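*Asks:* My structure is below; once you've seen it, I'll send some questions.
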């Protein structure tokens with residue numbers, strides 16, 4: 001954590017110094033940042049129709065709801081804010097009741113390409129609703145954003161990350177899993193999904209532009225510092241990302257690739273805690289920034305079963321900071 005309000009910069013790995021770990025969906029905030037970089041470069045607009053960019057057929061069967069195909073209407077903003085109606089390959093059930101996560105665990109040697117992930121939703125899941133009708137968190141939508149970014153930048157996604165995020169922020173320990181030349185899967189910390197350590201599984205490739213980074217706590221702190229000091233995108237773009245109009249879970253609200261914590265919804269006695277902004281990953285990865293104190297917090301517990309514990313740790317840290325101030 002980096003606490004300029006207290007003059008503290010503290011990092012505690014319980015394994016190795018500069019321990020690498022899988023970012024999970026914290027990477028969505030970075031993907032969203034890349035989208036706004038593209039917008040500021042006039043390569044995209046929030047209201048750009050994604051069908052204008054992706055190859056013919058890519059959106060077939062993804063946006064058909066009650067016999068009407070809405071693929072012509074889906075915008076960049078719909079994907080960023082999870083309001084497109086597309087399903088979620090990672091956590092939603094398939095038509096037969098099966099879960100994609102079970103496939104990851106049962107078939108550890110499967111390599112998932114981005115098109116495979118899109119095809120899973122296309123062929124195995126139904127559309128959630130019309131665009132704009134409801135908020136529904138979708139990793140499939142963020143895979144589409146990654147493919148869109150590859151098209152407008154004319155670069156592979158990992159090269160876009162390196163050029164516009166990793167190098168400017170000196171995130172020297174961060175790579176894109178399975179794609180960056182320097183990615184080393186053996187260096188990843190244990191990563192438990194439903195009690196199984198998957199950090200060495202090839203099937204971990206299932207997380208593309210929805211969050212598939214190998215990173216460290218220090219590098220995510222660098223990202224947050226660069227993001228909130230306007231070194232990636234303008235304040236106007238940050239403000240657009242920070243319109244938290246949808247409830248993700250109790251106490252968590254979603255903007256465009258960003259979340260905001262509202263701890264008072266967890267328990268009324270927590271109402272004095274700051275409203276942090278950033279993103280969360282399903283394996284207990286946290287990357288948060290307090291826009292008032294300028295404090296940053298990054299946590300990784302690496303276990304889907306320990307999400308509640310990870311929030312308890314975050315709350316304990318915030319309460320400590322409050323006491324010290």
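Values quoted throughout were computed directly from the atomic coordinates according to the rules given, and no laboratory measurement underlies them. All values derive from a computational prediction rather than experimental measurement. Cβ: placed from backbone, ideal geometry, glycine included. Neighbour counts: every protein chain shown.
*Asks:* Relative contact order of the chain: what whole-number percent is it, with Cα pairs under 8 angstrom and at least 6 residues apart? Could you put the intermediate results ahead of the total?
*Replies:* Numbers: 618 pairs, mean separation 76.8, N = 325.
24 percent.
*Asks:* Classify segment 29-168 as rounded, prolate or oblate from the Cα gyration tensor: take a ≥ b ≥ c as the square roots of its eigenvalues, call it rounded if a/c is under 1.5, otherwise prolate when a/b beats b/c and oblate if not. Provide the component values of the computation, followed by the final result.
*Replies:* On the way: a/c = 2.00, a/b = 1.24, b/c = 1.62.
Taking the square roots of the gyration eigenvalues as a ≥ b ≥ c, segment 29-168 is oblate.
*Asks:* Then there's this: In percent, how large is the relative contact order of segment 142-229, given Cα pairs closer than 8 Å and 6 or more residues apart?
*Replies:* The normalised contact order for segment 142-229 reaches 33 percent.
*Asks:* Is segment 1-42 rounded, prolate or oblate when judged by the Cα gyration tensor, a ≥ b ≥ c being the square roots of its eigenvalues, rounded requiring a/c under 1.5 and prolate requiring a/b larger than b/c?
*Replies:* Values: a/c = 3.93, a/b = 1.67, b/c = 2.36.
Oblate, because a/c is 1.5 or more while a/b does not exceed b/c.
*Asks:* Now for a separate question. What FRET efficiency would be calculated for the residue pair residue 184, residue 67, taking the C-beta separation as r and a Förster radius of 56 Å, to the nearest 0.05?
*Replies:* 0.70
*Asks:* Moving on to the next point. Any chance you could give the angle, 0 to 90 degrees and rounded to 10, that helix 217-228 forms with the longest Cα principal axis of the chain?
*Replies:* With both axes taken from Cα atoms, the answer is about 80 degrees.
*Asks:* Taking square-rooted eigenvalues a ≥ b ≥ c of the alpha carbon gyration tensor, is the chain rounded, prolate or oblate, where a/c under 1.5 means rounded and, failing that, a/b exceeding b/c means prolate?
*Replies:* Rounded.
*Asks:* Further question on the same structure: For the residues 154, 264, what sequence is obtained by ranking on other C-beta atoms within 10 Å, fewest first?
*Replies:* With the fewest neighbours first, 154, 264 line up as 154, 264.
*Asks:* Once the Cα atoms of helix 114-124 and of the chain are each reduced to a long axis, what angle between those two axes, in degrees from 0 to 90 to the nearest 10, is obtained?
*Replies:* Tilt relative to the chain: about 60 degrees.
*Asks:* Cα centroid distance between segment 38-59 and segment 293-320, in Å?
*Replies:* 36 Å
*Asks:* How many percent of DSSP beta bridges within the chain run antiparallel, rounded to 5? Before the final figure, lay out the partial values.
*Replies:* Working: 31 of 33 bridges.
Antiparallel: roughly 95 percent of the beta bridges in the chain.
*Asks:* Turning to a different aspect of this structure: In degrees, nearest 10, range 0 to 90: what is the angle between the Cα axis of helix 139-153 and the longest Cα principal axis of the chain?
*Replies:* So the helix axis and the longest Cα principal axis differ by about 80 degrees.
*Asks:* Sort 1-13, 212-224, 107-119 for me by packing, meaning the mean count of neighbouring Cβ atoms within 10 Å per residue, highest on top.
*Replies:* Packing order, densest peptide first, comes out as 212-224, 107-119, 1-13.
*Asks:* So how do 125-137, 281-293 stack up, highest first, on mean other-Cβ count within 10 Å?
*Replies:* On the way: 125-137: 17.2, 281-293: 22.0.
The peptides rank, most packed first, as 281-293, 125-137.
*Asks:* Going by how many other Cβ atoms sit within 10 Å of their own, how do 40, 181 line up, fewest first? Walk me through the numbers on the way to the answer.
*Replies:* Numbers: 40 14, 181 8.
Fewest to most other Cβ atoms nearby, the residues stand as 181, 40.
*Asks:* Averaging sequence separations of C-alpha pairs under 8 Å and six or more residues apart, then dividing by the length of segment 29-168, give the relative contact order as a whole percent. All intermediate terms of the calculation are to be shown ahead of the outcome.
*Replies:* On the way: 193 pairs, mean separation 45.0, N = 140.
It rounds to 32 percent for segment 29-168.
*Asks:* Determine, for each peptide in 96-105, 269-278, the mean count of other beta carbons within 10 angstrom over its residues, then list the peptides with the highest first.
*Replies:* Put in order of decreasing packing, that is 269-278, 96-105.
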